[in-house]
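Participant: After the structure tokens below, expect a handful of questions from me.
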Amino acid sequence: ELIPIGRVIEDAVDRATTRADAKSITLQVVSGGEWYVEGNFELLVNAVRNLVDNAISYSNERTQVGIGAKLDDGRIAIAVTDQGIGLSTEDTERVFERFYRVDPARSRVTGGTGLGLSIVKHIVATHGGEIRVWSKLGQGSTFTILLPIAGGDDGRALEQAAEQGILISTGPDHE
Ligand code: ATP
Ligand code: MG
């Protein structure tokens with residue numbers, strides 16, 4: 001199924017709004033263009049949602065979280081950036097491990113299970129992509145999902161699908 005990345009981000013952000021509002025965190029979406037990936041809508045929303053949830057959980061009140069998509073070397077990069085507590089170099093290498101949580105005492109209040117990022121990594125791998133993290137303690141983090149573009153690196157899958165008579169899903173409430 002061809003999935004429009006813009007809709008994935010939109011849904012993920014919609015589902016995180018209540019939690020963001022509770023901490024007066026602003027979610028800023030920068031949508032770059034109409035790109036499509038081949039995959040599963042709910043799984044992709046879940047992956048982005050997990051990153052946005054983390055950005056909210058590990059940030060202070062009244063900060064900003066940016067969510068954006070852009071072309072990166074023939075792939076789509078979906079980046080979630082926060083101004084939160086950040087991660088040490090050591091921890092950035094471990095956060096994708098199952099059940100890994102940085103300093104349980106520090107993150108106890110957020111009450112997570114430490115599974116979120118391992119699930120994101122799995123979903124991204126299933127879609128032929130990869131996940132990267134940039135972070136600096138006390139400054140914030142950027143988690144980037146890289147996914148192959150459907151229909152060539154110009155991302156013109158919509159036109160190509162139309163030519164082939166393929167129906168394109170734009171998500172559950174647009175079907
Ligand atoms: P959950 O299973 O509910 O998602 P979790 O958030 O603890 O629990 P992960 O999402 O896998 O689990 O994240 C693992 C750990 O990585 C977190 O406990 C936290 O210490 C750290 N982490 C994740 N995202 C961020 C972030 N944006 N900023 C700082 N630390 C983060
Ligand atoms: Mg999490």
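Participant: Exposure proxy check: Ser57, Ser135 ranked by fewest other beta carbons within 10 Å?
Facilitator: In increasing order of surrounding Cβ atoms, one gets Ser57, Ser135.
Participant: Right, something else. For segment 3-70, compute Rh as the Kirkwood radius over C-alpha pairs and then the Stokes-Einstein diffusion coefficient at 25 °C and 0.890 mPa s; write the answer in µm²/s, rounded to an integer.
Facilitator: 202
Participant: Moving on to the next point. Within segment 1-99, which chymotrypsin sites (Phe, Trp or Tyr not before Pro) sit in a loop by DSSP and count at most 10 neighbouring Cβ atoms inside 10 Å?
Facilitator: Listed in order of number, the matching sites are Phe99.
Participant: At 7 Å along the Cα-to-beta-carbon direction for both Gln139 and Thr18, put a label point, then send me their distance in nm to one decimal.
Facilitator: It is 3.6 nm.
Participant: Short version: ³J(HN,Hα) in whole Hz for each residue of segment 134-150, in order, from phi by Karplus 6.51 cos²θ - 1.76 cosθ + 1.60 (θ = phi - 60°), x for Gly and Pro, what are they?
Facilitator: For segment 134-150, the Karplus curve yields 10, 7, 9, 3, x, 10, x, 9, 10, 9, 10, 9, 10, 10, x, 7, 7 Hz.
Participant: State, to one decimal in nm, how far the label point of Asn60 lies from the label point of Thr126, with both points 7 Å from Cα in the Cβ direction.
Facilitator: With each label placed 7 Å out from Cα toward Cβ, I get 3.8 nm.
Participant: Can you list the HN-Hα couplings for segment 75-90, worked out from phi with the Karplus curve (6.51, -1.76, 1.60; θ = phi - 60°), rounded to whole Hz and with x for Gly and Pro?
Facilitator: Working through the residues one at a time gives 10, 8, 10, 9, 10, 10, 10, 10, 10, x, 5, x, 9, 6, 4, 4 Hz.
Participant: For segment 18-93, which GluC sites (Glu not before Pro) are in a loop by DSSP, counting at most 15 other Cβ atoms within 10 Å?
Facilitator: Counting only loop positions with at most 15 other Cβ atoms within 10 Å, the GluC sites (Glu not before Pro) in segment 18-93 are Glu34, Glu61, Glu93.
Participant: Which trypsin sites (Lys or Arg not before Pro) from segment 57-141 combine a DSSP loop assignment with at most 10 other Cβ atoms within 10 Å?
Facilitator: When the trypsin sites (Lys or Arg not before Pro) of segment 57-141 are filtered for loop state and at most 10 Cβ neighbours within 10 Å, Arg62 remain.
Participant: Over the residues of segment 51-102, compute the C-alpha Rg and express it relative to 2.2 N^0.38 Å.
Facilitator: Taking the Cα Rg and dividing by 2.2 N^0.38 Å, one obtains 1.30.
Participant: Taking H placed 1.01 Å from N in the peptide plane, check which residues at least 5 places from Ile76 or on another chain put their amide H under 5 Å from its amide H.
Facilitator: Those lying under 5 Å, H to H, from Ile76 are Leu147, Ile149.
Read-outs: derived from the displayed coordinates by stated rules, not from any lab. Everything numeric in this text was worked out from a predicted model, so none of it was measured. In this analysis, Cβ positions are derived from the backbone assuming ideal geometry, glycine residues included, and neighbour counts consider all displayed protein chains.
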